[in-house]
Amino acid sequence: MLESDKLFAGSIPENYDRYMVPLIFEPFAADLAQRAAALSPSAVLEIAAGTGVIARALAPKLSPAASYVVTDLNQPMLDYAASRQAHDGRITWRQADALALPFDSATFDVVCCQFGAMFFPDRSAAYRETKRVLKPGGHFLFNVWDRIEENVFADDVTNALAQLFPNDPPRFLARTPHGYHDTALIRRDLERAGFSLVAIETKAAQSRASSPRLPAVAFCQGTVLRNEIEAREPGKLEAATDHAASVLAQKHGTGEVAAKIQAHVIVAVA
Ligand SMILES: C[S@@+](CC[C@H](N)C(=O)[O-])C[C@H]1O[C@@H](n2cnc3c(N)ncnc32)[C@H](O)[C@@H]1O
């Protein structure tokens with residue numbers, strides 16, 4: 001992972017929430033929220049919460065007496081999340097780095113994290129921190145994307161951009177969001193941090209959009225891929241998005257499009 005891969009700021013939060021979240025994050029948010037709520041937690045921490053897709057799914061399922069602390073490294077993502085959530089006295093919004101959580105030990109029943117672990121530069125440190133803030137026997141629920149080839153639109157956009165920038169292809173999607181999919185490694189990282197009873201389930205879903213342009217805009221303008229394109233050639237963002245859209249149209253058609261997405265869902269006990 002490059003240091004710049006974790007910079008979710010500028011126009012990314014809005015484009016991320018508008019395009020990326022419905023395209024690939026909502027189905028997995030419903031799944032993770034369901035699993036977290038089924039544990040009937042009274043104290044929940046979310047890390048790497050982004051623009052709040054889990055909070056919107058999980059808060060309505062928690063008990064009236066529950067507390068829910070929603071955190072992210074990037075304040076602009078968290079601001080966007082808070083602006084989309086109706087007032088809820090159970091929720092505290094707080095900027096926090098997963099590698100140095102600003103909470104007392106043994107505070108939470110559940111820690112959840114959707115598609116954030118791939119961004120942690122030191123996953124062992126993040127997992128140790130997660131274990132520390134969980135009560136003994138508490139649950140860590142998170143998910144990570146499977147390899148990019150199992151996530152068709154992300155792979156198609158990456159290949160399209162490689163045609164435009166053959167000497168220095170923007171590889172953000174393959175490198176980071178799809179760069180931590182080895183389930184044996186994930187299990188080992190968790191066990192080394194002191195977690196037990198690690199269960200990993202691979203789950204596929206469909207990503208749907210009203211046109212091929214939508215996934216092109218989502219990936220090129222609503223992720224850190226945007227910064228990579230602009231760094232290579234300022235002013236080429238629209239042309240790069242158009243090229244990705246035309247490659248997607250050739251492969252998936254010009255009307256509604258749908259393709260496979262796949263992730264690993266992990267539950268570990270502290
Ligand atoms: C792909 S987004 C996922 C956001 C959200 N969970 C969702 O499902 O839409 C990854 C998130 O990780 C956050 N992030 C990156 N590095 C982090 C760190 N060290 N600690 C906490 N959050 C981090 C980013 O700001 C971003 O919001």
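Rule-based calculations on the coordinates, nothing more; no lab input. For clarity, every value in this text was computed on a predicted model and none was experimentally measured. As a convention, Cβ positions derive from the backbone with ideal geometry for all residues, glycine included, and neighbour counts pool all protein chains shown.
Some observations on this one:
- Those GluC sites (Glu not before Pro) in the range 185-270 that DSSP places in a loop and that have at most 15 other beta carbons within 10 Å: GLU256
- With the highest mean first, a sort of the peptides 89-96, 59-66 on other beta-carbon atoms found within 10 angstrom per residue produces 89-96, 59-66.
- Once backbone amide H atoms are built at 1.01 Å from N, ILE261 has ALA205, GLN206, SER207 as its partners under 5 Å, excluding neighbours fewer than 5 places away on the same chain.
- Projected area, mean over directions - the range 3-269, Cα convex hull, nm²: 13.2
- Geometric descriptor of the range 4-129, per residue, is 102 Å³ (volume of the convex hull of the Cα atoms).
- Rg then Dmax, both in Å and based on the Cα atoms of the range 1-53: 13.5, 37.
- Take the Cβ atoms of ALA239 and SER4, set R0 to 25 Å, and the FRET efficiency comes out at 0.70.
- For ALA43, the residues 5 or more places off, or on other chains, whose built amide H falls under 5 Å of its own are SER67, ASP109, VAL110.
- Residues in the range 73-94 reached by a label modelled at LYS203 [backbone nitrogen below 12 Å; 7 Å Cα→Cβ]: none
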